[in-house]
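Chemist: Structure below; questions to follow.
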Amino acid sequence: MQIDEDKLNALMGRMVAEFGALAGAPLVILGDRLGLYKAMAGAGPMTLDQFSDKTGLRLRYAQEWLSAQAASGFVDYDPKAQTFALSPETALVLADDNSPAFMVGGFEVLMSMFNDIDKIQKAFRDGIGLGWHEHHPALFSGTERFFRAGYNANLEPSWIPSLDGMRERLQAGARVADVGCGFGASTIVLAQAYPQSTFVGYDYHEPSVNAARERAAAAGVADRVRFEVAGAKTYPGKDFDLVAFFDCLHDMGDPVGAARHVRETLAPDGIWMIVEPFANDRLEDNLNPVGRIFYSASTMVCTPCSLSQEVGRGLGAQAGEERLREVVVKEGGFTRFRRAAQTPFNLVFEARP
């Protein structure tokens, strides 16, 4: 077998970068849990002693963590002054939970993937899948924190306005169902933006529903938001002006059954809002950094989740617009389906009966 030395060396260089990223991921989680990024945000350059005093860390641990952060490029190091600083840009990504660029939740999701490797290995062999509720709890909190950033940045400013007439209906007072709501981030963002409307979030995972109720109370929107344990094909209610599925349709074993139930519960002039991970229709068009993330998450979480349920359609996180159109229109009974908006991470669709 002929070996191309240049290709091998390039791959080995890439592997070093991969190892560094994986080794650094637990340190990001530690920095988040211990409040280290928040302690540095806006504080300006700090010596090692100042950082240790402010965070309460033992000096030797503080030194090693800061050194690793500097090597990763997350913390700026001044060798002359021997100080460490967190830039405003990095603070948005690692220290501010409400920032549209906040990314720490993604590291929690990665932690859950490593914890679930043995379960996924078994699922690969026996083919029965792995339910959402069977994953490590870091998946639930990490998903909420990761996607909440996108909802804060896009939901009210651009996604809702992209739906025909929906912003005005919500401002006047509409009935909204958020299906597969998880910890309720999307529901709460909507309730804060449109206080005249009422919202109900449904999820089959009871611990997530309980967490959503706590978050709604803390956000001060419990007067117009409630959360119930219910599945996508069985949730109660009729004549909703808006039914929303945020990053969850592809996880469902029977997305067609879910689509048909949405049609039954929508008002005649209602809108089904479907937010899905960004994907092109062809594999070769998804071979990029975003596709890499979503295919990996789909392998570890989304596809096993679907295969664990009845029907087991297994759309995956990179389903793409045409496959979703087939589910919604050809099989689900909707007559209109269009791409309403998009970001580098999401596609937003509007479906009408």
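Chemist: Taking the stretch 216-237 as the search range and keeping residues that are assigned to a loop (DSSP other than H, G, I, E, B) and more than 11 Å from Val200 (Cβ to Cβ), which one is least open to solvent (accessible area, probe 1.4 Å)? Don't jump to the end; show me each part of the working.
Modeler: Just the residues of the stretch 216-237 that are assigned to a loop (DSSP other than H, G, I, E, B), to begin with: 220-224, 230-237.
Checking the rest, the ones that are also more than 11 Å from Val200 (Cβ to Cβ) come to 220-223, 231-234.
Working: Gly220: 51, Val221: 2, Ala222: 60, Asp223: 124, Gly231: 22, Ala232: 19, Lys233: 73, Thr234: 102 Å².
Filtering the stretch 216-237 for residues that are assigned to a loop (DSSP other than H, G, I, E, B) and more than 11 Å from Val200 (Cβ to Cβ), the one least open to solvent (accessible area, probe 1.4 Å) comes out as Val221.
Chemist: If you don't mind, another one. Would you please name the residue that is least open to solvent (accessible area, probe 1.4 Å), looking only at residues in the stretch 22-44 that are within 17 Å of Glu64 (Cα to Cα) and assigned to a loop (DSSP other than H, G, I, E, B)?
Modeler: Only one residue tops the list, namely Gly35.
Chemist: Filter the stretch 169-189 down to residues that are among the hydrophobic types (A, V, I, L, M, F, W, C) and in contact with a Gly (Cβ under 7 Å, 6 or more places away or on another chain) and give me whichever is surrounded by the most Cβ atoms within 10 Å (Cβ to Cβ). Don't jump to the end; show me each part of the working.
Modeler: Filtering the stretch 169-189 for residues among the hydrophobic types (A, V, I, L, M, F, W, C) gives 170, 172, 174, 176-177, 179, 181, 183, 185, 188-189.
With in contact with a Gly (Cβ under 7 Å, 6 or more places away or on another chain) added as a condition, the list becomes 177, 181.
Numbers: Ala177: 26, Cys181: 28.
In this case the residue turns out to be Cys181.
Chemist: Taking Leu94, is it touching a residue at least 60 places away in the same chain (Cβ under 8 Å), closer than 30 Å to Ala153 by Cα and in contact with a helix residue (DSSP H, G or I) (Cβ under 7 Å, 6 or more places away or on another chain)? Give the steps one after another, and end with the answer.
Modeler: Details: touching a residue at least 60 places away in the same chain (Cβ under 8 Å): yes; closer than 30 Å to Ala153 by Cα: yes; in contact with a helix residue (DSSP H, G or I) (Cβ under 7 Å, 6 or more places away or on another chain): yes.
Here the answer is yes, as Leu94 does meet what is asked.
Chemist: With respect to Gly270, is the statement that it is in contact with a Lys or Arg (Cβ under 9 Å, 6 or more places away or on another chain), within 17 Å of Leu155 (Cβ to Cβ) and either among the aromatic types (Phe, Trp, Tyr) or in a strand (DSSP E or B) (or both) true? Before you say what the answer is, go through the steps one by one.
Modeler: On the way: in contact with a Lys or Arg (Cβ under 9 Å, 6 or more places away or on another chain): yes; within 17 Å of Leu155 (Cβ to Cβ): no; either among the aromatic types (Phe, Trp, Tyr) or in a strand (DSSP E or B) (or both): yes.
Judged against the criteria, Gly270 is not a match.
Chemist: Sticking with this structure for a sec: From Val301, Val256, grab the single residue that is touching a residue at least 40 places away in the same chain (Cβ under 8 Å), out of contact with any His (no Cβ under 9 Å at 6 or more places or on another chain) and among the β-branched types (Val, Ile, Thr). Spell out the reasoning first.
Modeler: Values: Val301 fails: out of contact with any His (no Cβ under 9 Å at 6 or more places or on another chain).
Exactly one of Val301, Val256 is touching a residue at least 40 places away in the same chain (Cβ under 8 Å), out of contact with any His (no Cβ under 9 Å at 6 or more places or on another chain) and among the β-branched types (Val, Ile, Thr), namely Val256.
Chemist: Considering each of Ser99, Ser67, Ser72 in turn, give the residue that is open to solvent by less than 30 Å² (accessible area, probe 1.4 Å) and hydroxyl-bearing (Ser, Thr, Tyr). Talk me through it step by step, then tell me what you get.
Modeler: Working: Ser67 fails: open to solvent by less than 30 Å² (accessible area, probe 1.4 Å); Ser72 fails: open to solvent by less than 30 Å² (accessible area, probe 1.4 Å).
Sole residue among the options that is open to solvent by less than 30 Å² (accessible area, probe 1.4 Å) and hydroxyl-bearing (Ser, Thr, Tyr): Ser99.
Chemist: Something else about it: Specify which of the listed residues (Gly105, Gly142) is in contact with a Ser or Thr (Cβ under 9 Å, 6 or more places away or on another chain), in contact (Cβ under 8 Å) with a residue 40 or more places away in the chain and open to solvent by less than 20 Å² (accessible area, probe 1.4 Å). Reasoning before the result, please.
Modeler: Numbers: Gly142 fails: in contact (Cβ under 8 Å) with a residue 40 or more places away in the chain.
Selected residue: Gly105, the only one of Gly105, Gly142 that is in contact with a Ser or Thr (Cβ under 9 Å, 6 or more places away or on another chain), in contact (Cβ under 8 Å) with a residue 40 or more places away in the chain and open to solvent by less than 20 Å² (accessible area, probe 1.4 Å).
Chemist: So, Asp4, is that one of a type in the set (Asp, Glu), more than 24 Å from Phe102 (Cβ to Cβ) and surrounded by 11 or more Cβ atoms within 10 Å (Cβ to Cβ) or not? Lay out the reasoning, then the answer.
Modeler: On the way: of a type in the set (Asp, Glu): yes; more than 24 Å from Phe102 (Cβ to Cβ): yes; surrounded by 11 or more Cβ atoms within 10 Å (Cβ to Cβ): no.
For Asp4, the condition - of a type in the set (Asp, Glu), more than 24 Å from Phe102 (Cβ to Cβ) and surrounded by 11 or more Cβ atoms within 10 Å (Cβ to Cβ) - is not met.
Let's see how each residue does on (1) open to solvent by less than 10 Å² (accessible area, probe 1.4 Å); (2) in contact with a His (Cβ under 9 Å, 6 or more places away or on another chain):
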position	(1), (2)
Asp247	no, no
Met252	no, no
Pro268	no, no
Val275	yes, no
Gly316	yes, yes
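The values are calculated or read from the model by the stated rules, or taken from the named source; none is laboratory data. Because the structure is predicted, anything quoted here is derived from the model rather than measured. All Cβ positions, even for glycine, are placed from backbone atoms using ideal geometry, and neighbour counts span all protein chains on display. Side chains are part of the model used for accessible areas, which takes the heavy atoms of the whole protein and leaves out ligands, DNA and RNA. Shrake-Rupley method; radii C 1.70, N 1.55, O 1.52, S 1.80 Å.
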